[in-house]
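The values are calculated or read from the model by the stated rules, or taken from the named source; none is laboratory data. All figures in this text were calculated on a predicted structure; none of them were measured in a lab. Reconstructed Cβ throughout: ideal geometry from the backbone, glycine too, with neighbour counts over all protein chains shown.
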Amino acid sequence: MINRNALVHIIVALCIANGIFSPYLAMALQIVPALMPEVFPKTIGWVLFFSSLFVATATLLFAGVPAALYERFAGAAPESTAPMWIWLIGVMLLSLPALETIGNLL
């Protein structure tokens, strides 16, 4: 059985992959320049980096909602891996559009 730490690493890796290859990156490219810290120059490289980070973070947060609701209402034990599996499934579902982009690149 996979432990909680391994599941967290898999979840984060899928979120990063979704942040890089998501078709929603185009929408994030329009939003992110207004949200970027002023310390960074608004070059295309930095905007792409922060857009990818924005999409990856949004994936992580939105996929965690069903897991948090399950943990709250089902009263799962702290050592239970069920919420982590729900979180992983949520990330996988939100990452499905990125698979088409990856398929087009191959």
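The table that follows gives values for the structure above.
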quantity: Test result for Ile44, at pLDDT 90 or above, surrounded by 12 or more Cβ atoms within 10 Å (Cβ to Cβ) and of a type in the set (A, V, I, L, M); calculated: no
quantity: One residue from Met84, Met27 being more than 25 Å from Thr101 (Cβ to Cβ), modelled with pLDDT of 90 or more and not in a loop (DSSP other than H, G, I, E, B); calculated: Met84
quantity: Residue ID - surrounded by the most Cβ atoms within 10 Å (Cβ to Cβ), chosen from residues in the range 1-19 that are within 20 Å of Leu53 (Cα to Cα) and free of Cβ contacts under 8 Å to residues at least 60 places away in the same chain; calculated: Gly19
quantity: In the range 56-70, residue surrounded by the most Cβ atoms within 10 Å (Cβ to Cβ) [restricted to those that are touching a residue at least 24 places away in the same chain (Cβ under 8 Å) and farther than 29 Å from Asn104 by Cα]; calculated: Pro66
quantity: Where Leu53 falls short, out of the listed (1) exposed (fewer than 13 other Cβ atoms within 10 Å of the Cβ); (2) assigned to a helix (DSSP H, G or I); (3) not polar (S, T, N, Q); calculated: (1)
quantity: Members of the range 61-81 that are β-branched (Val, Ile, Thr) and in a helix (DSSP H, G or I); calculated: Val65
quantity: Hey, Met92 farther than 30 Å from Gln30 by Cβ, assigned to a helix (DSSP H, G or I), in contact (Cβ under 8 Å) with a residue 12 or more places away in the chain and touching a Leu at 6+ places or on another chain (Cβ under 9 Å) or not; calculated: no
quantity: Leading residue by the ranking (modelled with the lowest pLDDT) among those in the range 30-41 that are aliphatic (A, V, I, L, M) and loosely packed, with under 11 Cβ neighbours inside 10 Å; calculated: Val39
quantity: Any chance Leu25 is surrounded by 13 or more Cβ atoms within 10 Å (Cβ to Cβ) and either in contact with a Ser or Thr (Cβ under 9 Å, 6 or more places away or on another chain) or among the acidic types (Asp, Glu) (or both); calculated: yes
quantity: Meets criteria (polar (S, T, N, Q) and either closer than 28 Å to Met1 by Cβ or assigned to a loop (DSSP other than H, G, I, E, B) (or both)) for Thr101; calculated: no
quantity: Breaking point among (1) of a type outside the set (Asp, Glu); (2) assigned to a helix (DSSP H, G or I); (3) more than 18 Å from Leu93 (Cβ to Cβ), for Leu7; calculated: (3)
